[in-house]
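See structure below.
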Amino acid sequence: AWAHPDASQEYVLEHAQEMSPEVAQAHIDLYVNEFTANLGEDGYAAVTALLGRAAKEGLVPEIDPALLR
C-alpha cells in the first residue's frame, strides 16, 4: 500500500457509498499507517480486548491471544 498508494483506491471506491476519491484517499491514509507494519504492544492489547468482548457477547469464538502474534 505504501509503494503503490493508488492501487487500493479503486477497491475502496467500488465498495464505498457516495465517496469521492479524496475521501477514499483519506480513509486509505487512516488505515495504512505504522500499525499496518507493526501493531506493537498497544495494538495487540486493543485487538485482544476487542476480540475478548466480542467472544463474551457470542459474536466470535474465543481464541488464544498468543495466536495473533
Helix-only estimate, please: 222 nm mean residue ellipticity of the chain, summing -39500 (n - 2.57) across DSSP H runs of length 4 or more and dividing by its residues, to the nearest 500. -16500 deg cm²/dmol
Neighbour net charge for Q25 - beta-carbon separation under 14 angstrom, K R +1, D E -1: -4
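Any read-out appearing in this document is the output of simple, stated calculations on the displayed coordinates, not a laboratory observation. Here the structure is a predicted model, which means the values were calculated and not measured. Every residue, glycine among them, receives a Cβ derived from its backbone with ideal geometry; neighbour counts consider all protein chains shown.
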